[in-house]
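**Student:** Submitted below is the structure of interest, expressed as structure tokens.
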Amino acid sequence: MLILLILLQASALTGQDLHRYEFESRHMGTTFQIILFAENDSIADLASESAFSRIEEINDILSDYMPDSELSRLSKRSGSGEQVTVSKPLFDFLERSVEISKETDGWFDITIGPYTHIWRGLNRMSEPTLPDVEELANARSRVGFDMLSLDAANQTASLEKEGMRLDPGGIGKGFASDTALLSLREAGITRALINAGGDISAGDPPPGRDGWTIAVPVRFDADSTLHEELIISNRAVNTSGSLYQSVDIDDVTYSHIINPRTGLGHTEQVQVTAISANGAVADAFATALSVMPVSKAQHVVENRPDLEAVIYWLDENGQSVRWASKEFELLSKP
């Protein structure tokens, strides 16, 4: 019986009876693509529908665009002194966010919503202007992850100061991808990949392969098609940088990524690709590493287990510079 069991396991690992399927659906302002290997159409269809449903459930909880989302309702109760009972997904999300905020010394901070509100307004202006000192100071007084308190025993959360706003943008897609990948595993599908608008969460590799081949952009020119390839499995890959969305004000280009230290869009030309076993972690650290000083970003990557990265930036002469962690180089396709 033991020999038979081993043979059955070996047969399953070959993936001879598995077929490749692709599905797409719009969620969280982007296109989520699911690639999976399953035995037949029925299994693949049901599993993908369940995964997309999970993503939409997470969006309904975390969206800061939807006034009735659970996250928005929590923000509205900021400064009330209440410990608000929240759902487990929201509590897990907040807990993970605070952990990463502490690890990055606040370079990642989901309480930057007051800054985000200002910059979304600027992007709608035909001739945008920088917020004045008073407006920024007012927003800054309502930003700080240390003013978000969590009670794990009672699954409650509280925002201590009135007018605080949570912004899930730097971690939400990674968190949703983690949830969707878990949904696929619960359906018995382990060989799967989720692409959330370029942010990748991968499970077991395709049948007969060592891993998924992922193209990582290499560019300081938005029209460039240069890339380097990685081979990964059971990891998440997230790229963040200042080239993707920006606004020009007084001959200065401000990224859509907000620097929590200043409340302004980041102005340095930096691009980061972060890798972790967890999509939320890769998402949040890619955001944080792209706004903190490069030397600090390198230190963070080198001293955190389960975090690898490649960083591109422009030096004082406008020349592109590349730095990558040792483990990142090992994942690179020769």
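**Student:** Would you check if Ile61 is surrounded by 14 or more Cβ atoms within 10 Å (Cβ to Cβ), β-branched (Val, Ile, Thr) and under 23 Å from Ser233 (Cβ atoms)?
**Tutor:** Against the criterion (surrounded by 14 or more Cβ atoms within 10 Å (Cβ to Cβ), β-branched (Val, Ile, Thr) and under 23 Å from Ser233 (Cβ atoms)), Ile61 does not qualify.
**Student:** Specify which of the listed residues (Phe52, Phe37) is in contact with a strand residue (DSSP E or B) (Cβ under 7 Å, 6 or more places away or on another chain), in a strand (DSSP E or B) and outside the structural domain of Val143 (by TED's automatic domain parsing).
**Tutor:** Phe37
**Student:** Considering only segment 175-188, I want to know if a residue exists there that is touching a Phe, Trp or Tyr at 6+ places or on another chain (Cβ under 8 Å), assigned to a strand (DSSP E or B) and in the same structural domain as Ser320 (by TED's automatic domain parsing).
**Tutor:** No, segment 175-188 contains no residue that is touching a Phe, Trp or Tyr at 6+ places or on another chain (Cβ under 8 Å), assigned to a strand (DSSP E or B) and in the same structural domain as Ser320 (by TED's automatic domain parsing).
**Student:** Determine, yes or no, whether Ile214 is assigned by TED's automatic domain parsing to the domain that holds Gln269 and without any contact (Cβ under 8 Å) to a residue 24 or more places away in the chain.
**Tutor:** Yes: the conditions hold for Ile214.
**Student:** Just to be sure, is Ile118 surrounded by 15 or more Cβ atoms within 10 Å (Cβ to Cβ), touching a residue at least 24 places away in the same chain (Cβ under 8 Å) and in contact with a helix residue (DSSP H, G or I) (Cβ under 8 Å, 6 or more places away or on another chain)?
**Tutor:** Yes, satisfied.
**Student:** While we're here: Within segment 298-334, which residues are over 19 Å from Val237 (Cα atoms) and among the β-branched types (Val, Ile, Thr)?
**Tutor:** Val321
**Student:** Related question: From Leu46, Leu122, grab the single residue that is in the same structural domain as Gly188 (by TED's automatic domain parsing) and under 26 Å from Gly197 (Cβ atoms).
**Tutor:** Just one listed residue meets the conditions, Leu46.
**Student:** Here's a follow-up. Within segment 160-217, track down each residue that is over 26 Å from Arg142 (Cβ atoms) and touching a Pro at 6+ places or on another chain (Cβ under 7 Å).
**Tutor:** Arg191, Gly211, Trp212 - these are the residues of segment 160-217 that are over 26 Å from Arg142 (Cβ atoms) and touching a Pro at 6+ places or on another chain (Cβ under 7 Å).
**Student:** With the requirement that a residue be over 16 Å from Ser201 (Cβ atoms) and assigned to a loop (DSSP other than H, G, I, E, B), what does segment 275-331 give you?
**Tutor:** Of everything in segment 275-331, those that are over 16 Å from Ser201 (Cβ atoms) and assigned to a loop (DSSP other than H, G, I, E, B) turn out to be Met292, Pro293, Arg304, Pro305, Asp315, Glu316, Asn317, Gly318, Gln319, Ser325.
**Student:** Which condition number does Phe108 fail, the rest of (1) farther than 18 Å from Leu159 by Cβ; (2) at pLDDT 95 or above; (3) not in a helix (DSSP H, G or I) being met?
**Tutor:** (1)
The values are calculated or read from the model by the stated rules, or taken from the named source; none is laboratory data. The structure displayed is predicted, hence computed values, not measured ones. All Cβ positions, glycine included, derive from the backbone under ideal geometry; neighbour counts span all protein chains shown.
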